[in-house]
């Protein structure tokens, strides 16, 4: 159909745009809209649209009839040799359209069973998307939980190491001057004390870093070693040496 076409009638305004025909009443508020002119113009409008070789027809039916209302004979007669595709959508229960019309060339019938099948496919697709989204949410929750855990664990590890190293330095400063050691022996004592501190902190730090149990050790470590909040704010990143 043409990209844009507008036709005016006395009772209707017909506008065809992007292949879709819009038929509007000019005076929908009138008390007697269905006048003789209305009934005379309506078939002319339908014919005007139907004369376009690109026009396609879609029939949607849903009645309470107990028997078929549309069968092969009626469809064949109404098409009168027209081979353009015809789409029939039957959402009635029981059906309005005889399923045998599917055998006619160019006729496509979708009934309530077809729509249910499409609905099931869409539902399955949505469920698959839900599973994918849930996996993303779980991953992000785990990442957030790890970040939240690090807000307590990492500073605690840094503060613990800082306190242990401060004690090491204080004891070295108090003891080494009394020993009158050579420079080499002094370095050996310092290295030994650093190794002792590292070995003592190894297991507590591993426990604090545990993914599931680390948080429950934070308060205990801070209380046992008298670690003050913010004690490691001097740039220590809390990674094990």
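Every number here is computed from the coordinates shown, using simple stated rules; none is lab data. Here the structure is a predicted model, which means the values were calculated and not measured. Here the Cβ positions follow ideal geometry from the backbone for every residue, glycine too, while neighbour counts run over all protein chains shown.
For the reader, a short list of remarks on this structure follows.
- Once the gyration tensor of the Cα atoms in region 62-149 is diagonalised, the equivalent ellipsoid follows with semi-axes of 49, 15, 7 Å, ordered largest first.
- Anisotropy class assigned to region 8-60 is prolate, per the alpha carbon gyration tensor with a/c at or over the 1.5 cut-off and a/b larger than b/c.
- Residue 116-residue 24 FRET efficiency (beta carbon distance; Förster radius 30 Å; 0.05 resolution): 0.30
- The Rg/Rh ratio for region 120-224, using Cα coordinates for both the radius of gyration and the Kirkwood hydrodynamic radius, is 1.36.
- Working note: Cα gyration tensor of region 72-120, eigenvalues times five, square-rooted, sorted largest first, giving semi-axes of 22, 12, 7 Å.
- Comparing 50, 184, 113 in a Gaussian network model of the chain (Cα springs below 10 Å), the most mobile by mean-square fluctuation is 184.
- Pairwise Cα separations in region 4-119 fall into 10 Å bins from 0 onward with the following percentages, short to long: 12, 33, 32, 22, 2.
- Gain on full stretching of the segment that runs from residue 196 to residue 127 - 0.36 nm per residue minus C-alpha separation: 19.2 nm
- Considering only Cα atoms, the convex hull volume of the chain works out to 338 Å³ per residue.
- If R0 equals 22 Å, the separation of the Cβ atoms of residue 62 and residue 17 corresponds to a calculated FRET efficiency of about 0.20.
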